[in-house]
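This report concerns only the one structure given below.
The values are calculated or read from the model by the stated rules, or taken from the named source; none is laboratory data. This one's a predicted model, so the numbers in the text were calculated from it and none came from an experiment. Here the Cβ is made from the backbone with ideal geometry for all residues, glycine too, and neighbour counts use every protein chain on show.
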Amino acid sequence: MKLLITGGTGLVGRNIIAEAKNRGIKVHYLTTDKRKIISDETVKGFYWNPKEDFLDHRCFEGVDTLIHLAGATISKPWTPKNRKEIMDSRVITSRMLSQSMKHEKIKMKQILCASAIGIYPNSFEDTLTENSVETPENFLQEVTQAWEQQSHAMSDCTDHLSIFRIGLVLAKDEGLLAELSRPVKLFSGTAFATGKQWQSWIHIDDLCQLFLFAAQAGWEGTYNAVAPKPVRQRTLIKALGRVLRRPVFLPNIPGALMKLVMGERSVLILGSQKVSSELVVSKGFSFKYSLLPEALKDLYVQKR
């Protein structure tokens, strides 16, 4: 197996590359930043610029598996400009890859595409499966549905196409977890609204293992990339307090205030998705971190 990874300099991409390198798997990756191009015996970077429709086609040489992770961060304010970047960085890149592979007559053995559990509706009680998608009611759902639709268009370029709806990725000092842990470290950690929102999470190591496991097994279809035991937001914040040795005692921040401050983007902290990992488990994948306390302990205690 030889990989091509888009979004290779992002959180998930960097960690997949590191794990692939440990296994002796050769990797090509695409980056929009020429300063981040490196080349050694197992890892080689290539430049692309989807905004200008440029792709270094040498990236496909010898590759049989594509892991498509590219996408601009959703954490920035959802201004009209940022909304366009969030959407285009997912839809246009997927379309560009599809067109490039068809033009070069490239057929992958396996294409694995990232998506997000933000595609699902709010759920405070019901468990969401891969079949729980509904008509979009917010920008995040619009993006993820358009993203997946364009990913499916790559099916002609591969023997097996799979899509992974990723939950809250737990990685030390990166991503949304960094935003949640920062106030906890400053003795000001608290939940939002009722704090009963479900947080479906996955440890970064498990996520990387899942992508590589699925790639080697030739998975087909759509899967939830979340750990088996989701937790309420207030449970997550209190667990962070325990592992960081900080008390969590402040009252919850009202949801109405967060909607006023963040607008529609408040769905990122007020939304609730209790997502099932049953399908990936049934396919033979075993999670190293199934419980939140052990995942946080690994990140914040053993790696201080």
statement: Of (1) under 23 Å from Leu11 (Cβ atoms); (2) modelled with pLDDT under 95, Gln141 satisfies every one except (2)
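Which of the residues spanning the stretch 171-184 are surrounded by 15 or more Cβ atoms within 10 Å (Cβ to Cβ) and at negative phi? Write out each step before concluding.
Quick first cut of the stretch 171-184, residues surrounded by 15 or more Cβ atoms within 10 Å (Cβ to Cβ) only: 171-172, 174-177, 180-181, 183-184.
Ala171, Lys172, Glu174, Leu176, Leu177, Leu180, Ser181, Pro183, Val184 - these are the residues of the stretch 171-184 that are surrounded by 15 or more Cβ atoms within 10 Å (Cβ to Cβ) and at negative phi.
Condition first: touching a residue at least 40 places away in the same chain (Cβ under 8 Å) and more than 14 Å from Asn49 (Cβ to Cβ). Now tell me which residues in the stretch 80-101 satisfy that. Reasoning before the result, please.
Residues of the stretch 80-101 that are touching a residue at least 40 places away in the same chain (Cβ under 8 Å), as a first pass: 83, 86-87, 90-98, 100-101.
Correct list: Arg83, Ile86, Met87, Arg90, Val91, Ser94, Arg95, Ser98, Met101.
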- request: Only one of these is at negative phi, among the hydrophobic types (A, V, I, L, M, F, W, C) and crowded, with 19+ Cβ neighbours inside 10 Å: Ile269, Ile253. Name it.
  value: Ile269
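Quick check on my filter: what residues within the stretch 145-165 are of a type in the set (S, T, N, Q) and buried (at least 23 other Cβ atoms within 10 Å of the Cβ)?
Once the filter is applied, which keeps residues that are of a type in the set (S, T, N, Q) and buried (at least 23 other Cβ atoms within 10 Å of the Cβ), the stretch 145-165 yields only Ser151.
When you scan the stretch 56-64, do you find a residue that is more than 21 Å from Trp219 (Cβ to Cβ), among the basic types (Lys, Arg) and in contact with a helix residue (DSSP H, G or I) (Cβ under 8 Å, 6 or more places away or on another chain), even just one?
Step one: list which residues in the stretch 56-64 are more than 21 Å from Trp219 (Cβ to Cβ), which gives 56-62.
Okay, now just the ones that are also among the basic types (Lys, Arg), so 58.
The next check asks that each one be in contact with a helix residue (DSSP H, G or I) (Cβ under 8 Å, 6 or more places away or on another chain); those that pass are none.
Scanning the stretch 56-64 turns up no residue that is more than 21 Å from Trp219 (Cβ to Cβ), among the basic types (Lys, Arg) and in contact with a helix residue (DSSP H, G or I) (Cβ under 8 Å, 6 or more places away or on another chain).
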- request: Restricting attention to the stretch 121-146, report how many residues are acidic (Asp, Glu) and touching a Phe, Trp or Tyr at 6+ places or on another chain (Cβ under 7 Å).
  value: 1
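Okay, residues lined up against (1) among the aliphatic types (A, V, I, L, M); (2) more than 16 Å from Gln273 (Cβ to Cβ); (3) without any contact (Cβ under 8 Å) to a residue 60 or more places away in the chain:
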site	(1), (2), (3)
Leu112	yes, yes, no
Tyr120	no, no, no
Asp126	no, no, no
Thr144	no, no, yes
Trp147	no, yes, no
query: Applying the selection to the stretch 178-189, what residues are in contact (Cβ under 8 Å) with a residue 40 or more places away in the chain and either within 16 Å of Lys297 (Cα to Cα) or in contact with a strand residue (DSSP E or B) (Cβ under 6 Å, 6 or more places away or on another chain) (or both)?
result: Leu180, Ser181, Val184, Lys185
task: Working carefully through the options Ile253, Ile269, find the one that is at pLDDT below 95 and touching a strand residue (DSSP E or B) at 6+ places or on another chain (Cβ under 8 Å).
output: Ile269
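Could you list, in sequence order, all residues of the stretch 184-227 that are among the charged types (D, E, K, R) and over 14 Å from Val12 (Cα atoms)?
First, the residues of the stretch 184-227 that are among the charged types (D, E, K, R): 185, 196, 205-206, 220.
Passing the criteria: Lys185, Lys196, Glu220.
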- request: Have a look at Gln209, Gln216, Gln199 and point out the one that is at pLDDT 95 or above, surrounded by fewer than 22 Cβ atoms within 10 Å (Cβ to Cβ) and either among the acidic types (Asp, Glu) or under 16 Å from the mean Cα position of the chain (by Cα) (or both).
  value: Gln209
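Looking at this structure, is Glu61 at pLDDT below 95 and either farther than 19 Å from Asp88 by Cα or over 18 Å from the mean Cα position of the chain (by Cα) (or both)? Show your work before the answer.
On the way: at pLDDT below 95: no; either farther than 19 Å from Asp88 by Cα or over 18 Å from the mean Cα position of the chain (by Cα) (or both): yes.
Considered against the rule, which asks whether it is at pLDDT below 95 and either farther than 19 Å from Asp88 by Cα or over 18 Å from the mean Cα position of the chain (by Cα) (or both), Glu61 comes out as no.
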